Amino acid sequence: AAGERTNPTEPPPIERSSPPAAPLPPQGLRGLVLDETGLPLAGVQVHLLDSASNDPLALPLILQQRLPTGPLASTESAADGTFAIGLPRVQDRSYELHFLSPRHAAVRLSGLRLLEATWHDLGAVTMVPGATVRGRVTVEGLSTPVPNAVVTIEAGTAFDDVARRSLPDGHHGLVATTDALGRYELRHAPARGAVRLVAVAPGFARVVRQDVELLPDRATEVDFALPPGVTLRGRVVDADARPVAGARIEAWPSQAPLGASVATSEHGGAFELAGLRRGPHRIRVTARGFQTAEVAEVAADRQDLVVALVPRGQVLVRAATAEGTVLRTYQLGVRRYFEDRGGQIGFVADVPDQSVRLDGMSERALLEGLPPGTFVCEVTAAGHARSRSAPFTVLPQPGPPQPVDVTVGRGATLRGRVELDDGTPLAGAEVSSHADGADPDSPIGKLLAGNVPETVTAARTRTAADGSFALPYLTMGAYQLVVEHDEACRTTVAGLRIEQPTDLVLPAIRVTRGAEVSGQATIGGRLAGQIQVVLMEAGAGRQGPTTRIETITDAEGRFRLPRRVPPGTYELRAAVVGGADADRQFLHQLLQLQRSSTTVLVPPGADRVVQDIDIPDNR
């Protein structure tokens, strides 16, 4: 099957080519690219991408604004089919590998991880010719062919769309042009999952075929009947009739449940939407710094549509101490304010935080592009606690910039001492502050990290030789402290409430040394390129923070959990990552995690526990 990976020991190893002259990074992924007959493939493009699953909440913004992306690293397979691709630094993130060849279906390996100073052997990646799509494009209601129509295969999911856009020329998809008889043929399309086919031609409306299932063993026939099309033309201007360039114009037919046609305004504000069906359309125009404009019942063949955008709100922010001293250098952000949710706040996705550096004549910073709603301004400055303004409201028809004042203070300081069970001070331990109740091991918590504004000050420091620490400039709120050290277990101190700017001295924090847990993970007794290993408390699933530690195996299938484990009974589970079929891979991983469950006992006083784990082979 297309994109399948074999175990590094199957087929027999092929002699590797000499490494390239350019030095490789200290860690990465390597393997072998083969065709369907088992022969090596040279010149296959290999691209390493940051997985969209690392930040799925950002997908809508990336897709709507077409934010620039690109591969983190790229290479080509050598004459013997081998490849090696890596990064200079390791991050706790998920990656994807994409293999592109003009004679084969593209292959995508997902869920890959990197370990420091480790090269993972992914084994053999097989590329096959892929599926074929063919058919005819004719005039709707007639058998008349439409020559020179363009038929494109596009991805079917948001994750695929983001990945495709990240590849060189990936936004073009697989494209074919019809001949004089209206016939087209698309080859080497991936034969797994649903795709979207689009047909366009001058003078005709665009036609989209959703959820087309491709067959690997025979051609898929998809015909298009194009109705007559028209072009909508117009201009985007501001309130003073000046042109707005770079605006995004979307058009939906009012009478048919079809996707949007999209255009972008040019330097003079002009835009053109071709390939629309006749009839009324709903138009939506978005541009940075302006409110979204919608126009209903617009004739698709109109040639003089003018959309005037209303500027978004503006505020003039003054950040000063309680004594009246004006701050001139700080970070300024705006947050949505939800009074009906107890004063919760949220990011404004298209109004990024900005660095403020005022000159000697100014006391206020201009913050633009605020949509209608209720907000607070947030100021972060060195030597001060993060501070917020009182809530303010931006009206749909904003007037002159309104003044907003933020009073900043030094906040509170948490002091304490970290020691081992025997009372020995623990130097070099990292102490970090978090919102009370946060679970640093929670997959959902990791997913939301960076997408939800912090309600408290996230600070970190290290203990001194006597185990002491201090976390200054903390804003008011409910906190917990997390203590971590290579030679001790993670320890959490919860229920710390700071209600006034003062020094709060904590009782001594005692940490347990615990044990290092390591071993080897296999599947059916064999090594695999990458195996995810997860340790959880036995009976996990109850409310509240629970221990969950995960890692991946190295090139020899060995693993070592990234931190020590306190005494107790745990479950060790494993699953193979890096599959080519994301949907099927997810189900397989769930099954493997269940079937591989192995009990691990960490006795008191143990310094190291070795536990191997095997995933039953269900082939």
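Readers should treat all values here as calculations from the given coordinates under stated rules, not as data from a laboratory. For clarity, every value in this text was computed on a predicted model and none was experimentally measured. Neighbour counts are summed over all protein chains in view; Cβ atoms, including those assigned to glycine, are modelled from backbone coordinates with ideal geometry.
In terms of its C-alpha gyration tensor, the chain comes out oblate, because a/c is 1.5 or above while a/b does not outweigh b/c. In this simple spin-label model, placing a label point 7 Å from the Cα along the Cα-to-Cβ direction at both GLU36 and ARG302 gives a separation of 5.2 nm. What are the trypsin sites (Lys or Arg not before Pro) within the range 242-281 that DSSP puts in a loop, where the Cβ has at most 16 other Cβ atoms within 10 Å? Listed in order of number, the matching sites are ARG278. Rounded to 0.05, the FRET efficiency of the LEU142 and GLN344 pair, given R0 = 51 Å and the Cβ-Cβ distance, is 0.30. Taking amide H atoms as placed 1.01 Å from N in the peptide plane, the amide H of ALA42 has no partner under 5 Å among residues 5 or more positions away or on other chains.
Summing Lys and Arg as +1 and Asp and Glu as -1 over all other residues whose Cβ lies under 12 Å from the Cβ of SER468 gives a net charge of +1.
With the simple model of a label 7 Å out from the Cα in the direction of the Cβ, GLU363 to ASP421 spans 6.0 nm. The GluC sites (Glu not before Pro) of the range 243-283 that meet both conditions, a loop assignment by DSSP and at most 15 other Cβ atoms within 10 Å of the site Cβ, are GLU266. Determine the shape class of the range 455-539: with a ≥ b ≥ c the square roots of the Cα gyration tensor eigenvalues, call it rounded for a/c under 1.5, and otherwise prolate if a/b is greater than b/c, oblate otherwise. In terms of gyration-tensor shape, prolate.
Where only DSSP H runs of four or more residues are counted, the chain gives -1500 deg cm²/dmol as its mean residue ellipticity at 222 nm, each run worth -39500 (n - 2.57). Kindly state, to the nearest 0.05, the FRET efficiency for THR407 paired with SER468, given R0 = 22 Å and r defined as their beta-carbon distance. Given R0 = 22 Å and the Cβ-Cβ separation, E is 0.10. Coupling constants for the range 419-431 follow from the phi torsions by the Karplus curve (6.51 cos²θ - 1.76 cosθ + 1.60, θ = phi - 60°), and in residue order they are 9, 6, 3, 8, x, 6, x, 10, 8, x, 6, 8, 10 Hz; glycine and proline get x.
Placing unit charges on the Cβ atoms of the charged side chains and taking the dipole of the chain about its Cα centre, the candidate lying farthest along the positive direction among LEU309, LEU471, LEU367 is LEU309. Counting 0.36 nm for each residue step from ASP92 to GLN255 and taking away their Cα separation leaves a gain of 53.9 nm.
Among 319-325, 307-313, the peptide with the highest mean count of other Cβ atoms within 10 Å heads the list, and the full ranking is 307-313, 319-325.
Each Lys or Arg adds one and each Asp or Glu takes one away; over the other residues whose Cβ falls under 14 Å from the Cβ of HIS384, this sums to +2.
For every other residue with a beta carbon closer than 14 angstrom to the beta carbon of PHE271, add +1 if it is Lys or Arg and -1 if Asp or Glu, then tell me the sum. It works out to a net charge of +1.
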